[in-house]
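The values are calculated or read from the model by the stated rules, or taken from the named source; none is laboratory data. Values in this document were obtained by computation on a predicted structure and should not be read as measured data. Every residue, glycine as well, gets a Cβ built from its backbone with ideal geometry; the counts of neighbours run over all protein chains shown. These accessible areas exclude ligands, DNA and RNA; they are computed on the full protein's heavy atoms, side chains included. Shrake-Rupley method; radii C 1.70, N 1.55, O 1.52, S 1.80 Å.
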Amino acid sequence: MTGAPAAVVGVLALQGDVREHSRMVAAAGGVAAEVRLPADLEGIDALIIPGGESTAIARLARLYGLIDPLRRRIESGLPTLGTCAGMIFLASGVTGESQPVLEVLDMVVERNAFGRQNESFECSLAVDGWEEGIHAVFIRAPLVESTGPEVEVLAEHEGRPVLVRKGNVLAAAFHPELTDDLRLHRMLIGMTGKDREG
Ligand code: GLN
């Protein structure tokens, strides 16, 4: 696909690891575009919802009228990657909270509940179909309590899903953008069909 236009990857830029994800998108061969308003969703080929504080991201997304437009684009097939708070943002249920956010990924998560004493930690994880494991950085990560039947679990830590996929939606409880490992960003760009690296 030499000469084909690069995939434009929108990064939801309300709060959190926006710059880090944009850097990863560029390194993985895409073009990052910050998304703050519904109009910013036009023309993007994929979307990243970064880690940060899910309550802050959700509050701002509601304020800017982004919830329905985001849900519509994701439900109509936009390749999407949510990391940590982004995973919470995508989930259909959040334990102890009456209102989940986008409800586009069939799973229930509990905030700040993953890992011993809910701490931040790093480890190496095996990922389904990958020859080499991934170095995963967990920061007050969500615990995946249950997943729906169509949700594929691509990686687990201590028996709990930490990387999942359902169709066009990928979610990680950890932070790939805090490492130099581009494989998840490349996977997202690959899902757009505009993968220049073939
Ligand atoms: N604890 C955060 C939340 O619940 C998520 C942490 C993160 O994204 N690093 O929103």
Where the second residue is open to solvent by 40 Å² or more (accessible area, probe 1.4 Å) and more than 6 Å from the ligand (Cβ to nearest atom) and the first is among the acidic types (Asp, Glu) and lies in region 51-67, which pairs have Cβ atoms under 7 Å and are six or more apart or on separate chains?
Glu53/Gln15
Tell me which of these Ala113 doesn't satisfy, since it passes every other one: (1) farther than 23 Å from Val9 by Cβ; (2) more than 10 Å from the ligand (Cβ to nearest atom).
(2)
Residue by residue through region 12-21, note down the ones that are in contact with a strand residue (DSSP E or B) (Cβ under 9 Å, 6 or more places away or on another chain) and within 14 Å of the ligand (Cβ to nearest atom).
Leu12, Leu14, Gly16, Asp17, Val18, His21
For Glu103, all conditions in the list (1) near the ligand (Cβ under 10 Å from one of its atoms); (2) of a type in the set (Asp, Glu); (3) within 14 Å of Ala58 (Cβ to Cβ) hold save one; what is the number of the exception?
(1)
Conditions: (1) open to solvent by 20 Å² or more (accessible area, probe 1.4 Å); (2) within 14 Å of Thr55 (Cβ to Cβ). Val94 meets all but one. Number of the miss?
(1)
Within region 26-56, count every residue that is β-branched (Val, Ile, Thr), surrounded by fewer than 24 Cβ atoms within 10 Å (Cβ to Cβ) and within 13 Å of the ligand (Cβ to nearest atom).
1
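Which ones in region 66-82 are among the small types (Gly, Ala, Ser), open to solvent by less than 40 Å² (accessible area, probe 1.4 Å) and either more than 14 Å from Ser92 (Cα to Cα) or not in a strand (DSSP E or B) (or both)?
Here is the first cut: in region 66-82, the residues among the small types (Gly, Ala, Ser) are 76-77, 82.
Filter once more, so that each one left must be open to solvent by less than 40 Å² (accessible area, probe 1.4 Å): 77, 82.
Within region 66-82, just Gly77 meets the criteria.
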